[in-house]
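What follows is calculated from the coordinates using simple rules that are stated; it is not laboratory data. Remember, predicted model here, so these are calculated numbers, not experimental data. Here Cβ is always computed from backbone atoms with ideal geometry, including for glycine, and neighbour counts include all displayed protein chains.
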Amino acid sequence: MNWYNVGKIVNTHGIKGEVRVISSTDFPEERYVVGNKLNLFKEDIKTPTVLTIASHRTHKNFDLLTFEGYLTLEMVQDLRDGVLKISENQLSELEGHEYYFHEIIGCTVFGEDGQEIGVITDILQTGANDVWTVKPAQGKDHYIPYIEDVVKEIDIAEKKITIEILDGLLS
C-alpha cells in the first residue's frame, strides 16, 4: 500500500492535547475534518497508529489538531516528530487540471520543441498559483509557474510535462 504525507507533528500546543502540525498536504481543509482518520508513523514503530481528528484550527503557520482519546499534554507528547499520512484509498478524485503533489513531483519537464528542461523536485505554494522547482541536469534550479500560459500538457502516466518557454522563464 502507498502512503502519502499529510504533515509532521513538530510540537505540542497548550495543555489540552493539541499538537502543532506543519502540513504538507494540498488539501488541509479536507484532511483535517473532524472525524477523519490519519495514520501516525514514527521511526521506532513499525505499525502506524490510527488517529481520529477531534478538532482543527490554524494558528500562525501551523495547523493545530486534537485527536479522540488524547486529552492532555502528557498523552500527546509521544506523538511529537511523527509523520501523519493517508493511504492511497483515502485520496479523493480531483477535478480536471488538478493534481496531487506526488503526481507532479518527479515528472520531467520539456519545452514545446522537445528540449528537456529538468525534473520537478518541489512545489511551492504562493497563494496565487503553485510554482514548480525544476532541477536541470546542470546549473541552477528553474521555477515554473503552474499557469495556463506556461503549462501546456501534463501526462501523469508518462511522467511528462510540456511547457511553453516564455522569455526570461529559464534565466
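Values as computed for the structure displayed
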| item | result |
| --- | --- |
| Kirkwood-based shape ratio for segment 1-160, expressed as Rg/Rh from alpha carbons | 1.04 |
| Quarter of the Cα convex hull surface for segment 101-163, i.e. its orientation-mean projected area (nm²) | 4.1 |
| Spread of Cα-to-Cα distances over 10 Å intervals beginning at zero, given as percent, for segment 53-110 | 15, 35, 30, 16, 4, 0 |
| Cut-off 13 Å between beta-carbons: net charge of the residues surrounding Met1, Lys and Arg +1, Asp and Glu -1 | 0 |
| Two-site FRET efficiency, Asn36 against Asp141, from Cβ-Cβ distance with R₀ of 35 Å, rounded to 0.05 | 0.50 |
| Surrounding net charge for Gly106, when Lys and Arg each add one and Asp and Glu each subtract one, Cβ distance under 12 Å | 0 |
| Candidate lysines - alpha carbon under 22 Å from Lys37, same-chain residues fewer than 8 apart omitted | Lys8, Lys16, Lys46, Lys85 |
| Karplus-derived 3J(HN,Hα), 6.51/-1.76/1.60, for each residue of segment 113-129, Hz, glycine and proline x | 7, x, 5, 6, 9, x, 10, 6, 10, 7, 10, 9, 9, 9, x, 6, 7 |
| Helix-derived mean residue ellipticity, 222 nm - over the chain, DSSP H n ≥ 4, -39500 (n - 2.57), to 500 | -1000 deg cm²/dmol |
